[in-house]
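Enquirer: Next up is a structure, given as structure tokens.
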Amino acid sequence: MTDTAQRSTTKADLLHYIKGNIRDYALLLSLLAIMIFFQLFTNGTLFKPVNMTNLILQNSYIVIMALGMLLIIVAGHIDLSVGSVSGFIGAVAAVMMVTWKMDPLLTAVACVALGAFIGGAQGYFVAYYRIPAFIVTLAGMLVFKGLALTVLGGASIGPFPQEFQLLSSGYVPDIFGGSDFNMLAVVIGVAVTGLIIYLNYRERQNQQAHGLAEEPSLIFYGRNSLIAAGFLGFTYLMASYKGLPNVLIVMFALIALFVFVTTRSTFGRRIYAMGGNEKAAKLSGVNTERLTFAIFAIMGALAALAGLIFAARLNVATPKAGAGFELEVIAACFIGGAATMGGVGKIVGAVIGAFIIGVMNNGMSIMGIGIDWQQVIKGAVLMLAVFLDVYNKNKA
Amino acid sequence: MQPILEMRGITKTFPGVKALTDVNLSIMPAEIHAVVGENGAGKSTLMKVLSGVYPHDTYEGQIFFDGTERKFTGIPDSENTGIIIIHQELALVPLLSIAENIFLGHETGQYGVINWFEAFKRTKELLAKVGLKENPATLIGNIGTGKQQLVEIAKALNKSVKLLILDEPTSSLNETDSNALLELLKEFKAQGISSILITHKLNEVMKVADRITVIRDGKTIDTMETATGKVDEDRIIKAMVGRELTDRYPPRKAQIGEPVFEVNNWNVYHPTQSGRQMIKNASFHVKRGEVIGIAGLMGAGRTELAMSIFGRAYGQKISGEVKLHGKVIDVSTIPKAMDAGIAYATEDRKTFGLVLIDHIKHNVTLANLEGVSKHGVVDDLHELQVATKYRKELAINCSGVFQTTVNLSGGNQQKVVLAKWLFSDPEVLILDEPTRGIDVGAKYEIYGIINRLAEQGKSVVVISSEMPELLGISDRIYVMNEGRFVAEMPAKEATQEKIMRAIMKSWES
């Protein structure tokens, strides 16, 4: 690969590269475009610190569930039960903490374990009895919607103990004691930005050492500048309101973990192989049944965590909690570029997809667009995103 | 007398392959005509041309039927003129009744309302013609394969047939059913219906056929008349396999050592039809540094044998023992078989071998991810080195190890599959049709890889339908037919005729 140096300079190659990787950049640019659009049409409300913080809080549970859903979709399955499961877990948590006065931490741990068990139970039927996930989780959706009603006795239960509410409404205390400006947020924001840029840079150095750097340097530096600007801008917004919400930390930690798992671990690699060609994976010694079982269990645990966050945010468990979440979560994954046939999809894509939906929800609400038209528009965006994907693939 | 069917100068080309070259075939009225040839000789392609599966503008040549030139554009077209083909894989719906199947697509009735009375009456008449005593309301799934075959023929009779084509009709029938079917063909002949019988079973051919056409490598080699008395099985076999050994094989200097891998008394039943035994008491062994070949016709049970040994990936009620270095090993799951040191490269690399949407690097390490990872974390650089190493060693022709495997040629895809199994470092490699559908140059390279493996002391089992290939690369050849091992011979003494005869003999006994 001696032509790397020349390649990065010519304009034709630059275009060629962008064409070949249009999906990745288009997604990020779409999010950017949608944000700018709403910034203009909400008279600058979207990027106000308080609204940004709200946006994170409103979307955290969708993002968290999208992480698990991406694994499931990559594996070639689907999980329709996540909304109901998260609502059910919220209800169970309310009964444990409010009615039985149990310790919030213990409750949270027990609830996540219960979620994993529920997901695992559904995964068991999918993996070992080969019942289509669509059917199994459709059944699960009905069962847990009903159980949530039963557990709550048809009424809402709340409020939650103070410590539990902190999960959603709390902020990481500013140990640096900034007054108007949260110094801790700045420090963490700069550190995380630096780390991401450093990791990207190191990877590129590694690629170059082996003559594998395909991304033209112009795009590499442009992309990283954009990422840095985005993160630092976001940090500034967070710091000028109340600092970093606890949920944000949880969310980022999980995103980092799932990016690592999908890109670096043997576990993640096998999921992609299974989704790409289950028979070939099986004949290559991959225990596809156990793998399927595991990803459904993970999905259950994440749905449970999302249910806790949502309950803590509303400070009450209602029988209707979680209704329709599954649709937003699944839409996030597909907008983010996951393939309906399995085998293709990225965590970062799903996260961006979730934020595209989140920004649209938020922006359209501020603009005063009714819930009716919001749904129409969101549906159209999902259709458009998948259509463009398929259209591009057919053309290639 | 005018022939009822005449195919003149049929040439059919697929991208890169000439499947049929100037094939001529003529069928007389009230004749049973056998078409014989090796796997892949072009028999099925010829029948697809005749029945309109390949429309008339996709091939060269002319078809005359019933005195006029025909240009079929599809199966309904040829069926309307009275040509009915019955495929080896029966086209019946198991959950519908006999009557429903017979009238499927041609339902009796008016305005879309079925006249069941009429349908059942007609079905009874048709079943009587083919000698099948079953209630027309019986579900197809509840009757045996032999009877299903008869239902197919009854269905053909319902469409006023003039020429009946049967593709391997007796391949899944027992002796009695086969004989009944052949008798039926004779009866049809008496009624003036011609038949084309495509089969491997020469004893059947000798029994019923008036004339025999031999096809080899897409060309008509010979048409013989059985009545002249000059035709015997030997002459047919010679014509079938007379392919010259033009393919070259790289020499091997392997040291053959002690027996490494043994399979004893292996029995396997069909995965869904539990009464059907697919592998019958099979035993074989491979020595260190040895390449053995397993020869046989399509459907002989070779792939089933290999897959059932490889972690029970096929079949049920499996019994028998597998030994490695004299010790019985557990091959009950694929990971266990792999841990024991067995690798199996599948026949169909696109469906079973590769993750086509992923690139070479990921495919190469899939069967041995532990080899490039620590504590469940993949070491990207190590993986890259491994993939690059195999790319060089096996001369995989690609733009880089990040090229998606779907874009590779067949030969290079096969090399990626081989690389995957080489990296898992097995002692025994089972290669199922390792050169199917790849060009001559790539074949030669794959033979070279097989030789190198043997030289490194591995034991290699090659399953192939190409006999010259088996003769060229193996040290020892086993012949399989109908789930049994029917012959074993050193490759030096083996010839194509010998292998064919072993197969034919196993049918007669």
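Enquirer: Take B:Pro468 and tell me if it is open to solvent by less than 10 Å² (accessible area, probe 1.4 Å), at pLDDT below 90 and either within 14 Å of chain A (Cβ to nearest Cβ) or under 18 Å from B:Arg302 (Cβ atoms) (or both).
Expert: yes
Enquirer: Next up: Tell me yes or no: at least one residue of segment A:319-341 is touching a strand residue (DSSP E or B) at 6+ places or on another chain (Cβ under 9 Å), in a loop (DSSP other than H, G, I, E, B) and under 22 Å from A:Leu80 (Cα atoms).
Expert: Within segment A:319-341, not a single residue is touching a strand residue (DSSP E or B) at 6+ places or on another chain (Cβ under 9 Å), in a loop (DSSP other than H, G, I, E, B) and under 22 Å from A:Leu80 (Cα atoms).
Enquirer: Looking only at segment B:491-502, decide whether some residue is among the aliphatic types (A, V, I, L, M) and not in a helix (DSSP H, G or I).
Expert: yes
Enquirer: For B:Asp217, work out the one condition from (1) touching a residue at least 24 places away in the same chain (Cβ under 8 Å); (2) not assigned by TED's automatic domain parsing to the domain that holds B:Met47 it doesn't fulfil.
Expert: Tallying (1) touching a residue at least 24 places away in the same chain (Cβ under 8 Å); (2) not assigned by TED's automatic domain parsing to the domain that holds B:Met47, B:Asp217 fails exactly one: (2).
Enquirer: While we're here: Kindly indicate the residue of segment B:336-347 that is assigned to a loop (DSSP other than H, G, I, E, B) and within 12 Å of another protein chain (Cβ to nearest Cβ) and also surrounded by the most Cβ atoms within 10 Å (Cβ to Cβ) among those meeting that condition. Walk me through how you get there before you give the answer.
Expert: Filtering segment B:336-347 down to residues assigned to a loop (DSSP other than H, G, I, E, B) leaves B:341, B:346-347.
After this cut, where a residue has to be within 12 Å of another protein chain (Cβ to nearest Cβ) as well, the list is B:346-347.
Values: B:Thr346: 24, B:Glu347: 20.
Looking at the filtered set, the residue picked out is B:Thr346.
Enquirer: Under the condition of being facing another protein chain (nearest Cβ under 7 Å) and within 14 Å of A:Ser284 (Cβ to Cβ), which residue from segment B:348-361 is modelled with the lowest pLDDT? Don't jump to the end; show me each part of the working.
Expert: If we filter segment B:348-361 for residues that are facing another protein chain (nearest Cβ under 7 Å), which is where we start, we get B:351-358.
Filter once more, keeping what is within 14 Å of A:Ser284 (Cβ to Cβ): B:351-356, B:358.
Working: B:Thr351: 87, B:Phe352: 91, B:Gly353: 91, B:Leu354: 94, B:Val355: 93, B:Leu356: 92, B:Asp358: 92.
For segment B:348-361, the residue satisfying everything is B:Thr351.
Enquirer: Let me ask you something else. I'm trying to understand the selection: among the residues of segment B:369-394, which are facing another protein chain (nearest Cβ under 8 Å) and either over 17 Å from A:Ile271 (Cβ atoms) or of a type outside the set (A, V, I, L, M, F, W, C) (or both)?
Expert: Residues satisfying the conditions are B:Glu370, B:Ser373, B:Gly376, B:Asp380, B:Leu381, B:Leu384.
Enquirer: Another question, if that's okay. Filter segment A:241-263 down to the residues that are closer than 17 Å to A:Asp174 by Cβ and open to solvent by 40 Å² or more (accessible area, probe 1.4 Å) and list them by number.
Expert: Across segment A:241-263, the qualifying residues are A:Tyr241, A:Lys242, A:Asn246, A:Ile249.
Enquirer: Those residues that are free of Cβ contacts under 8 Å to residues at least 24 places away in the same chain and open to solvent by less than 70 Å² (accessible area, probe 1.4 Å), I need them from segment A:166-186; list them, please.
Expert: A:Gly177
Enquirer: Within segment B:248-261, track down each residue that is charged (D, E, K, R) and either surrounded by 17 or more Cβ atoms within 10 Å (Cβ to Cβ) or at pLDDT below 90 (or both).
Expert: Answer for segment B:248-261, where residues must be charged (D, E, K, R) and either surrounded by 17 or more Cβ atoms within 10 Å (Cβ to Cβ) or at pLDDT below 90 (or both): B:Arg248, B:Arg252, B:Lys253.
Enquirer: Which residue, of A:Gly68, A:Gly90, A:Gly120, is farther than 27 Å from A:Gly337 by Cα, surrounded by 15 or more Cβ atoms within 10 Å (Cβ to Cβ), of a type outside the set (Ser, Thr, Tyr) and in contact with a Phe, Trp or Tyr (Cβ under 9 Å, 6 or more places away or on another chain)?
Expert: A:Gly90
Enquirer: Right, here's the next one. Within segment B:168-217, track down each residue that is under 12 Å from B:His33 (Cα atoms) and among the aromatic types (Phe, Trp, Tyr).
Expert: Hits for segment B:168-217: nothing passes.
Enquirer: Just to be sure I understand, how many residues within segment A:37-49 are under 25 Å from the mean Cα position of the chain (by Cα) and either on the phi > 0 side of the Ramachandran plot or open to solvent by 90 Å² or more (accessible area, probe 1.4 Å) (or both)?
Expert: The qualifying residues number 2.
This table checks each residue for (1) of a type in the set (D, E, K, R); (2) at pLDDT below 90.
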| residue | (1), (2) |
| --- | --- |
| B:Asp432 | yes, no |
| B:Thr435 | no, yes |
| B:Gly457 | no, no |
| B:Ile477 | no, no |
| B:Met489 | no, no |
| B:Glu497 | yes, yes |
| B:Ala502 | no, no |
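Enquirer: Being loosely packed, with under 14 Cβ neighbours inside 10 Å and in contact with a strand residue (DSSP E or B) (Cβ under 8 Å, 6 or more places away or on another chain) is the filter; apply it to segment B:84-117 and report the residue that is modelled with the lowest pLDDT.
Expert: So, considering only residues that are loosely packed, with under 14 Cβ neighbours inside 10 Å and in contact with a strand residue (DSSP E or B) (Cβ under 8 Å, 6 or more places away or on another chain), the one modelled with the lowest pLDDT is B:Pro94.
Enquirer: Filter segment A:100-117 for residues that are closer than 24 Å to A:Gly158 by Cα and either in contact with a Pro (Cβ under 7 Å, 6 or more places away or on another chain) or part of a helix (DSSP H, G or I) (or both) and give the result.
Expert: Filtering segment A:100-117 for residues closer than 24 Å to A:Gly158 by Cα gives A:100-115.
Scanning segment A:100-117 gives A:Pro104, A:Leu105, A:Leu106, A:Thr107, A:Ala108, A:Val109, A:Ala110, A:Cys111, A:Val112, A:Ala113, A:Leu114, A:Gly115.
Enquirer: Tell me, please, whether a residue that is within 14 Å of another protein chain (Cβ to nearest Cβ) and open to solvent by 10 Å² or more (accessible area, probe 1.4 Å) can be found in segment B:405-418.
Expert: yes
Enquirer: How many residues does segment B:24-60 hold that are small (Gly, Ala, Ser) and open to solvent by 40 Å² or more (accessible area, probe 1.4 Å)?
Expert: Step one: list which residues in segment B:24-60 are small (Gly, Ala, Ser), which gives B:26, B:30, B:34, B:37, B:40-42, B:44, B:51-52.
Still in the list and also open to solvent by 40 Å² or more (accessible area, probe 1.4 Å): B:40, B:44.
The total comes to 2.
Enquirer: Which residue out of B:Thr303, B:Thr333 is open to solvent by 50 Å² or more (accessible area, probe 1.4 Å) and either under 26 Å from the mean Cα position of the chain (by Cα) or assigned by TED's automatic domain parsing to the domain that holds B:Leu453 (or both)?
Expert: Answer to the selection: B:Thr333.
Enquirer: Filter segment B:16-45 for residues that are assigned to a loop (DSSP other than H, G, I, E, B) and in contact with a Pro (Cβ under 7 Å, 6 or more places away or on another chain) and give the result. Talk me through it step by step, then tell me what you get.
Expert: Here is the first cut: in segment B:16-45, the residues assigned to a loop (DSSP other than H, G, I, E, B) are B:16, B:28-31, B:37-42.
Across segment B:16-45, the qualifying residue is only B:Met28.
Enquirer: If you don't mind, another one. Name the single residue that is most open to solvent (accessible area, probe 1.4 Å) among those in segment B:433-451 being of a type in the set (Val, Ile, Thr) and within 24 Å of the chain's Cα centre (by Cα).
Expert: Ranking the candidates gives B:Val440 first.
Enquirer: Quick one: is B:Ser506 part of a loop (DSSP other than H, G, I, E, B), closer than 25 Å to B:Lys280 by Cβ and either assigned by TED's automatic domain parsing to the domain that holds B:Met307 or open to solvent by less than 30 Å² (accessible area, probe 1.4 Å) (or both)?
Expert: No: the conditions fail for B:Ser506.
Enquirer: Now, a different point. In the list B:Glu455, B:Glu482, which residue meets the criterion of being open to solvent by 10 Å² or more (accessible area, probe 1.4 Å) and at positive phi?
Expert: Working: B:Glu455 fails: at positive phi.
The unique qualifying residue is B:Glu482.
Enquirer: Run down A:Leu149, A:Leu138 and say which single residue is farther than 25 Å from A:Glu289 by Cβ, open to solvent by 40 Å² or more (accessible area, probe 1.4 Å) and part of a helix (DSSP H, G or I). Can you show your working first?
Expert: Details: A:Leu138 fails: farther than 25 Å from A:Glu289 by Cβ.
The match here is A:Leu149.
Enquirer: Of all helices (runs of 4 or more DSSP H) completely enclosed by segment A:214-277, which ones contain at least 1 residues that are within 14 Å of chain B (Cβ to nearest Cβ) and of a type outside the set (S, T, N, Q)?
Expert: A:246-264, A:266-276
The values are calculated or read from the model by the stated rules, or taken from the named source; none is laboratory data. Since the structure is predicted, the reported quantities are computational estimates derived from the model, not experimental observations. Here the Cβ is made from the backbone with ideal geometry for all residues, glycine too, and neighbour counts use every protein chain on show. Surface accessibility is based on the protein's heavy atoms, side chains included, excluding ligands, DNA and RNA. Shrake-Rupley method; radii C 1.70, N 1.55, O 1.52, S 1.80 Å.
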